[in-house]
């Protein structure tokens, strides 16, 4: 904070060359007290035989430079706090005289210890602003800072008490807060701090459309959240983790709702729309299988193992791109050994026994199949072919 001084005083002066010539710095006290960056006008007068005369003045403000003027005043600004001895030399013909003045400039406090509850916060969350400050001690004086008169200002700030205030930033983005404090010289100092209200966000689908059954890895990108709620919009149970993999098994457009919850209980949400479409219809090409119980290629199925949705011997989900399927397997005599009319049975496949009952093994050899598959994308396909059943001896 800057103040402008233009004061007239008088001070006893040291005269150098002659008793009938002297110079005075006009001042009301032995010391001038200033604030950093204050513009202060130092005024003098040169006297010869007690009559004011025009003279040349050389000013030294104890910062390494000398300024010369023919005017009986000089405006100066100290940027750094401390103590200074100002001198002004007056030259009048063959006469010269010098006067001195002590100046004390207040010291700006250190604002490096600003603290708040956290850096990024949830919209509507209340945080605490504080600014611990220590007095500045020099060899000549002590600059004291009165926290009782300190003030925090900005949007959503409560009253300041002992340098501490609470604030609730009102919108997303950066909000500026200013801390102002007064010292024992009447100088005011301030500093600005910035609080960031972070809008909740999450990473979801990376493509405009996602195939039925494909897993989407939802992940929170909200730094202030320490608990989470995911609603995927498909009536499945909600998830409560930072990352939440999820797959959709019905075509449609879904709104994913993510809620982040801060440590103090502040809740904010983000949403994302996900479009789910059927995968293009396809079935696996198979020409041999070995039902020997080794866990490798033990069944004849048109579905890839990774797409079969089998878990612990049970069917957890339908294949993502199949709406319905019909088919049969028969031997070289035209006898049907297995058939299916629904996706559930087709997923499990044929295990090489009559009707999949497990007690009547079909002999090794060539078998034939006919299938018709209807996809969720509205297409269908027919396929006929052969499969070789191999049993090791």
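Any residue at all in the range 206-215 that's assigned to a strand (DSSP E or B), modelled with pLDDT under 90 and under 25 Å from the mean Cα position of the chain (by Cα)?
No - not one qualifying residue is present in the range 206-215.
Does any residue of the range 300-312 turn out to be surrounded by fewer than 16 Cβ atoms within 10 Å (Cβ to Cβ) and at pLDDT 85 or above?
No.
Suppose the filter is at pLDDT 90 or above, buried (at least 16 other Cβ atoms within 10 Å of the Cβ) and under 14 Å from residue 326 (Cα atoms); does residue 369 pass it?
yes
Any chance you could count how many residues in the range 35-94 are outside any strand (DSSP E or B), exposed (fewer than 13 other Cβ atoms within 10 Å of the Cβ) and under 54 Å from the mean Cα position of the chain (by Cα)?
Residues flagged as outside any strand (DSSP E or B), exposed (fewer than 13 other Cβ atoms within 10 Å of the Cβ) and under 54 Å from the mean Cα position of the chain (by Cα) within the range 35-94 amount to 5.
Could you tell me whether any residue of the range 228-240 is in a strand (DSSP E or B), touching a residue at least 24 places away in the same chain (Cβ under 8 Å) and either more than 27 Å from the chain's Cα centre (by Cα) or within 24 Å of residue 321 (Cβ to Cβ) (or both)?
For the range 228-240, residues in a strand (DSSP E or B), touching a residue at least 24 places away in the same chain (Cβ under 8 Å) and either more than 27 Å from the chain's Cα centre (by Cα) or within 24 Å of residue 321 (Cβ to Cβ) (or both): absent.
When the range 347-380 is examined, which residues are found to be part of a loop (DSSP other than H, G, I, E, B), touching a strand residue (DSSP E or B) at 6+ places or on another chain (Cβ under 6 Å) and either without any contact (Cβ under 8 Å) to a residue 24 or more places away in the chain or closer than 20 Å to residue 212 by Cβ (or both)?
360, 376 - these are the residues of the range 347-380 that are part of a loop (DSSP other than H, G, I, E, B), touching a strand residue (DSSP E or B) at 6+ places or on another chain (Cβ under 6 Å) and either without any contact (Cβ under 8 Å) to a residue 24 or more places away in the chain or closer than 20 Å to residue 212 by Cβ (or both).
If you take the residues of the range 319-333 that are modelled with pLDDT of 85 or more and surrounded by fewer than 20 Cβ atoms within 10 Å (Cβ to Cβ), which of them is nearest to residue 248 (Cα to Cα)?
324
In the range 204-213, how many are surrounded by fewer than 14 Cβ atoms within 10 Å (Cβ to Cβ) and touching a strand residue (DSSP E or B) at 6+ places or on another chain (Cβ under 7 Å)?
Within the range 204-213, residues that are surrounded by fewer than 14 Cβ atoms within 10 Å (Cβ to Cβ) and touching a strand residue (DSSP E or B) at 6+ places or on another chain (Cβ under 7 Å) number 2.
Touching a residue at least 60 places away in the same chain (Cβ under 8 Å), within 33 Å of the chain's Cα centre (by Cα) and either over 30 Å from residue 50 (Cβ atoms) or surrounded by 16 or more Cβ atoms within 10 Å (Cβ to Cβ) (or both): does that describe residue 121?
Yes; evaluated as a whole, the condition is true for this residue.
Can you tell me which of (1) touching a residue at least 12 places away in the same chain (Cβ under 8 Å); (2) on the phi > 0 side of the Ramachandran plot is the one residue 258 doesn't meet?
Result: residue 258 passes all but (2).
Where in the range 132-201 are there strands (runs of 3 or more DSSP E), lying fully within it, with 1 or more residues that are outside the structural domain of residue 32 (by TED's automatic domain parsing), in contact with a strand residue (DSSP E or B) (Cβ under 6 Å, 6 or more places away or on another chain) and closer than 12 Å to residue 107 by Cα?
173-182, 188-197
The values are calculated or read from the model by the stated rules, or taken from the named source; none is laboratory data. Keep in mind it's a predicted model, so treat the numbers as computed, not measured. In this analysis, Cβ positions are derived from the backbone assuming ideal geometry, glycine residues included, and neighbour counts consider all displayed protein chains.
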